Amino acid sequence: MKAVVMAGGEGTRLRPLTSNQPKPMVPIVGKPCMEHILELLRKHGFDDVVVTVAFLPQAIRSYFGNGESLGMKIEYSVEESPLGTAGSVGLAREKLDEPFLVISGDALCDVDLTQLVEAHREKGAAVTIGLKAVDNPLEFGIVVTDDEGRIERFLEKPSWGQVFSDTINTGIYVLEPEVLRHVPTDRPYDFSKELFPLLLEMGRPLYGHVCEGYWQDIGNLDQFRQANFDALDEQVALEILGIRLRGNVWIGEGVEVDDLDRIEGPAFIGNYCRIAPDATVGAYSVLSASVTLRERARTERSVIDSSTHIGRSALVEGAILGRSCDVRAHVHVQEGAAIGDEVVLGAQSVVMPSVRIYPYKEVETGSLIHESLIWETRTTSRLFGKDGVSGLVNVDLTPETAVRLAAALGTALKRGGRVVASREAPAACRMIKRAMISGLNSTGVDVADLRVLPAAVSRHLLRTHGYDAGFHVGASHTDPEVVQIRFFEQPGIQLTAALQKEIEKHFSRHEFRRVAYTAVGSVTYPARVRESYAQDLLASLDREVIRARQFRLVVDYGYSAASFVLPLLLGPLGVEAVGAHEFTPESGEARTGGISGSIGQAKRLVEAVGADLGAVFDRAAERLYLIDEQAREIPVDKTLLLFLRLIASNGRGGKLAFPITVTSLVDRLVEGSDIEVVRTPASLADLTKAASEDGVVFAGAVGGGYVFPEFLPAYDAVASLCKLLELLAPAGKPLSELVGELPATTLVHRQIQCPWTLKGLVMRVLTEQLKDRELDLLDGVKAFDERGWAQVLPDPDEPVVHVYAEGETEEASLELARELTDLVEGIMQSEEAEARV
C-alpha cells in the first residue's frame, strides 16, 4: 500500500520557526518532524510514498531527495496554488490506483498504522479515519461514531455545547482510490469539511478507528516544545540519534563535553555539539547538531536548533532558538521566547517572556526586548543610520548585503523604474556599487551608472531627467574606513522616512520582486552629465558679478571627483584657482590625513599664493570648509552664519531652513528682513525635505553642509562654493573682515551615554519634569526660560543622548547644559537603582 504524506503546511502559528522553512521541517529531537513520520511509515511497511508539498517545497525535496537514504521511494506532488487537504491529495490521483494511507507530515505520532489498515479492510470501508481521544477537543474536528465505529456526524471545532464525543480527527486516513473522483480540480477542497460530509450524505461506508499511542499536532510553539519534551520522556516512540547514557540522556557523534555530570537528564545533545567547561545543560534541553555552549552558559527546558552559539554566562530557559543564532555573553532568554534563524542577540541583552524575534534580526548590546521583533521593528544597529547604510566592507557591508539591499530598493520602486548610481574612487566602493546594480537589475529596474562622480551630479541627473531614485557609494565623512551608501529620491533630496521603511520592510522579510529572463533591468552610461551639471549651475549664477571680482582661490579637492566638475565652472566664472589633492585613478586609495590634514595644507597654499580664500572639500564633495585670506580656518558655525548674513544683505526674501539644534543667532541675524527662518528636526532627510519646499532659498547645518535648493536640494560643496563667490563678489570686503563682523555663538553641546532601553524612559520623565517650562517637541525636548534654551535629543544610531544649550553668555549656556545633564543622569540612576531592587 502507498502512503501520502501531506507536507504543504505553512505553519503560521509556529512563526518565527516557520518563517523560512515549512512546518513539517521543524526539528523534534534533532530531526525534522516529517522524518519521524517517514520512519513510522517504514516501520509499518510503507516504503512507497507520495509527498504533497506547497510552501517552500525545495526545503523538503533537498532534504529527503528520492528517499534512498531512508530505504524508501519518495515522489513529490507540488501544489502551484492552495488546493486544500483533499485537493492536494487529489492532485496525485494518477499515482494512487489502489487503497492508500494519508498522514500529516507535521503531526508527531507513533500510532499503529498496520492496525488502522486492517480495520479498514475488515469493515470494507470507503474511508477509515484515525481517531484519538483527547481531554480538550475544542481545538480539533470531532468525529461521532456508532457502536460499530461507523461515522454518524462531523463537527469542526465545536463549542462545549456541541461536544458529544472526545474522539478527534487525527488527519490519518485510509482511502479507497475511487473517493478521489469527488474531489474537484478547479478549487480548494477539504477532507473533513467537504469530502467526508459529502460521502456521508451519499451513504458511503465511512468508519472511524480509535488509535492507541501518541499523537500531537504541532500547531503552535507550546505544542512544538512539548512534543520535544514528550520525546525525551519517551511518551512517543521515536528513533532518537546518538548513544543513550544514564537512561535519559542522548549524546550524538563527535560531541565535545568536558564533564558529563553537568548534563542533567532528560536531554538530547546532537552531533558535534560543544559544551565548554563549566557550561550546564539543564533538564529538558534539546540541542541539535553543532550547537555550542560557551563557559558558564546554561540551557534548560529549551529547544535549540543547529549551529547556534550560546555565549559565555548566557542563560536560555524555557525558550526556542532557531538555526545559526549568535547569543552573546551574559544574554538572558526567558520563558516562552521564540527566536528565528540567524538572529544576533547582543551581549547583556534580555529577551522577556513570550517575545518572538523573527529571522535575521540583530539586537543591540544591553537591550531589553519587551515586544516581538517581526517586520519593520528593529532594535539596533538599524539598517539605515543618520545618512544611509554604512559598514566595514566584507564585515558589516558585504556584496551579499548590498545585493539584498538593492533588491529591497528595487522592490519598493515600480517595475521598470530607473535609478541613477555613482561612487567614490576606492575599489571597495566599486565592488559595492556593482553589487547594488545587480540587485536592482534583478527586480526589473534600469540603472544609469555615472561611475566616479560626486553624489551631487547624480542627484542633479535624477532631478533633471526624472529618475525615480539614486544612490552613491562612498567613504563615511566621519570614518574613512567605513563605506556608506547614501540614497536619494525626487527631486534629489535625502531618502524620506516612507521609502526608507518600505526598503527596510522588504529587506527584513526577504520579499523581493524577481523578474523573468526578458525583464531584467539594463545598465546605461549617460554621456556629458558633468557638462550638463556645470551648465545648469552656471545658469543659476550671476556670472558677470563673479568675473568682475577676479577671485583667486585655493581648492583642496580631498581626492574627490569634484576635480572633474569644478574646473568646468571656474573658467567661465573667471576664477583663478590653485588645486590640490585632485582625483586621479592612482589616488583612489590615498589617505589625506582627513579633513584636518587637507585644511592644514590649504592654509599654507593660501598664504603662499595670496589667495582670497581657501576651500576644502570632503571626499564626497558634499561638505565645504573655508580658510580666509589670512590663512585662518573659519569654524563651521561661523561659515553657516556667514552664508546667512550674505543672503540677508542682498535684500532677497525667502525662507531659510535650519535644524532645531542650530544657534538662535540665525533668528537675530534676519530680524527686519523679508527672510523667514524655518526649523526642522535634526536629521539630514528632514532638512533636505524642507529645503525642497516652495520659497526656501537656503538650508544648512553645523558641519559644513549647505543647500541651495533652487539648484539642488542637497549638500553640494561645488554649488556651495560657487554660490559663496556670487554672494561675496558684491560685498567688497575681504573674507576675514566679514567673518569678524559676525556675532559669537554661546551654543554648547554635550553627550551623555544612555542605554537604548532607557532612552524612551528618559524622554518621557524629562517631559514630565519640564512641563512647567515652555517646550518645543519638534525633535527631542527643547525647553525655554529667561536665560535661553536647552535641548535633549536621543541619538538615532548610538546609545547616547545629546544636550544642546544656548544662553546670553557662555556661563548661562554651561549652566543650562549642566541642569539638563543632571536631570538625565538622575533619571537613569533612579531607574537602575529600581531595577537592582
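The values are calculated or read from the model by the stated rules, or taken from the named source; none is laboratory data. Note that the structure is predicted; figures quoted are calculated from it, not measured. Positions of Cβ are backbone-derived with ideal geometry, glycine not excepted, and every protein chain shown enters the neighbour counts. For accessibility, only protein heavy atoms count, side chains too; no ligands or nucleic acids. Shrake-Rupley method; radii C 1.70, N 1.55, O 1.52, S 1.80 Å.
Listed here are the residues, each with its yes/no results for (1) among the basic types (Lys, Arg); (2) more than 25 Å from Lys193 (Cβ to Cβ); (3) touching a residue at least 40 places away in the same chain (Cβ under 8 Å); (4) in contact with a Ser or Thr (Cβ under 8 Å, 6 or more places away or on another chain).
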{"site": "Pro16", "(1), (2), (3), (4)": "no, yes, yes, no"}
{"site": "Asp48", "(1), (2), (3), (4)": "no, yes, yes, no"}
{"site": "Val53", "(1), (2), (3), (4)": "no, no, yes, yes"}
{"site": "Tyr63", "(1), (2), (3), (4)": "no, yes, no, no"}
{"site": "Asn66", "(1), (2), (3), (4)": "no, yes, no, no"}
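Those residues that are open to solvent by 10 Å² or more (accessible area, probe 1.4 Å), over 27 Å from the mean Cα position of the chain (by Cα) and of a type in the set (A, V, I, L, M), I need them from the stretch 4-26; list them, please.
Answer for the stretch 4-26, where residues must be open to solvent by 10 Å² or more (accessible area, probe 1.4 Å), over 27 Å from the mean Cα position of the chain (by Cα) and of a type in the set (A, V, I, L, M): just Met6.
When you scan the stretch 791-807, do you find a residue that is open to solvent by 60 Å² or more (accessible area, probe 1.4 Å) and at pLDDT 90 or above, even just one?
No, because not a single residue in the stretch 791-807 is open to solvent by 60 Å² or more (accessible area, probe 1.4 Å) and at pLDDT 90 or above.
Report the residue count in the stretch 353-363 for those that are of a type outside the set (A, V, I, L, M), open to solvent by less than 30 Å² (accessible area, probe 1.4 Å) and assigned to a strand (DSSP E or B).
Within the stretch 353-363, residues that are of a type outside the set (A, V, I, L, M), open to solvent by less than 30 Å² (accessible area, probe 1.4 Å) and assigned to a strand (DSSP E or B) number 0.
Just to verify a result, which residue in the stretch 729-754, among those that are buried (at least 19 other Cβ atoms within 10 Å of the Cβ) and not aliphatic (A, V, I, L, M), is nearest to the chain's Cα centre (by Cα)?
Among those that are buried (at least 19 other Cβ atoms within 10 Å of the Cβ) and not aliphatic (A, V, I, L, M), it is Cys754.
Go through (1) of a type in the set (Val, Ile, Thr); (2) out of contact with any helix residue (DSSP H, G or I) (no Cβ under 8 Å at 6 or more places or on another chain); (3) more than 24 Å from Glu317 (Cα to Cα) for Ile172 and report which single condition fails.
Going through the list (1) of a type in the set (Val, Ile, Thr); (2) out of contact with any helix residue (DSSP H, G or I) (no Cβ under 8 Å at 6 or more places or on another chain); (3) more than 24 Å from Glu317 (Cα to Cα), Ile172 breaks only (2).
Among the strands (runs of 3 or more DSSP E) lying completely within the stretch 418-475, list those that include at least 1 residues that are open to solvent by less than 10 Å² (accessible area, probe 1.4 Å), touching a residue at least 40 places away in the same chain (Cβ under 8 Å) and closer than 18 Å to Phe711 by Cβ.
Where strands (runs of 3 or more DSSP E) fall fully within the stretch 418-475 and carry at least 1 residues being open to solvent by less than 10 Å² (accessible area, probe 1.4 Å), touching a residue at least 40 places away in the same chain (Cβ under 8 Å) and closer than 18 Å to Phe711 by Cβ, they are 418-423, 469-475.
Can you pull out the residues in the stretch 182-198 that are within 12 Å of Thr85 (Cα to Cα) and outside any loop (DSSP other than H, G, I, E, B)?
Phe191, Ser192, Lys193, Glu194, Leu195, Phe196 - these are the residues of the stretch 182-198 that are within 12 Å of Thr85 (Cα to Cα) and outside any loop (DSSP other than H, G, I, E, B).
Quick check on my filter: what residues within the stretch 312-327 are buried (at least 20 other Cβ atoms within 10 Å of the Cβ) and either among the charged types (D, E, K, R) or farther than 25 Å from Gly247 by Cβ (or both)?
Matches in the stretch 312-327: Ala314, Leu315, Ala319, Ile320, Leu321, Gly322, Arg323, Cys325, Val327.
Tell me, which residue of the stretch 524-567 that is farther than 16 Å from Ala719 by Cα and hydroxyl-bearing (Ser, Thr, Tyr) is least open to solvent (accessible area, probe 1.4 Å)?
Selected residue: Tyr559.
Output the residues belonging to the stretch 51-103 that are within 21 Å of Ile129 (Cα to Cα) and in a loop (DSSP other than H, G, I, E, B).
Leu83, Leu91, Ala92, Leu96, Asp97, Glu98, Pro99
How about the stretch 126-144: which of its residues are outside any strand (DSSP E or B) and either modelled with pLDDT of 90 or more or out of contact with any Gly (no Cβ under 9 Å at 6 or more places or on another chain) (or both)?
Ala126, Val134, Asp135, Asn136, Pro137, Leu138, Phe140
Consider Glu234 carefully, then state whether it is free of Cβ contacts under 8 Å to residues at least 60 places away in the same chain and within 40 Å of the chain's Cα centre (by Cα).
The answer is no for Glu234.
Return the total of residues in the stretch 312-348 being at pLDDT 90 or above, among the small types (Gly, Ala, Ser) and assigned to a loop (DSSP other than H, G, I, E, B).
Of the residues in that region, 8 qualify.
Within the stretch 568-586, which residues are surrounded by fewer than 19 Cβ atoms within 10 Å (Cβ to Cβ) and more than 17 Å from Ala602 (Cβ to Cβ)?
Within the stretch 568-586, Leu568, Gly571, Pro572, Gly574, Thr584, Pro585, Glu586 meet the criteria.
Which of the residues spanning the stretch 27-66 are within 29 Å of the chain's Cα centre (by Cα), hydrophobic (A, V, I, L, M, F, W, C) and crowded, with 23+ Cβ neighbours inside 10 Å?
Correct list: Ile60 only.
Which of the residues belonging to the stretch 104-119 are open to solvent by 10 Å² or more (accessible area, probe 1.4 Å) and assigned to a strand (DSSP E or B)?
Within the stretch 104-119, just Ser104 meets the criteria.
Among the residues of the stretch 774-787, is any crowded, with 20+ Cβ neighbours inside 10 Å, under 30 Å from Met352 (Cα atoms), of a type in the set (A, V, I, L, M, F, W, C) and touching a helix residue (DSSP H, G or I) at 6+ places or on another chain (Cβ under 6 Å)?
yes
Criterion first (of a type in the set (Val, Ile, Thr), crowded, with 19+ Cβ neighbours inside 10 Å and under 19 Å from the mean Cα position of the chain (by Cα)) does Val350 satisfy it?
Taking the combined requirement at face value, the residue does not satisfy it.
Could you say whether any residue in the stretch 80-100 is over 23 Å from His120 (Cβ atoms), touching a residue at least 12 places away in the same chain (Cβ under 8 Å) and surrounded by fewer than 19 Cβ atoms within 10 Å (Cβ to Cβ)?
yes
Quick one: which residue in Phe658, Phe617 is aromatic (Phe, Trp, Tyr), crowded, with 22+ Cβ neighbours inside 10 Å and farther than 24 Å from Ser560 by Cβ?
Going through Phe658, Phe617 in turn, the sole match is Phe658.
Mind listing whichever residues of the stretch 354-371 are free of Cβ contacts under 8 Å to residues at least 24 places away in the same chain and closer than 12 Å to Leu221 by Cβ?
Result: Ser354, Val355.
Give the residue that is surrounded by the fewest Cβ atoms within 10 Å (Cβ to Cβ), with candidates limited to residues of the stretch 190-226 that are at pLDDT 85 or above and hydroxyl-bearing (Ser, Thr, Tyr).
Tyr214
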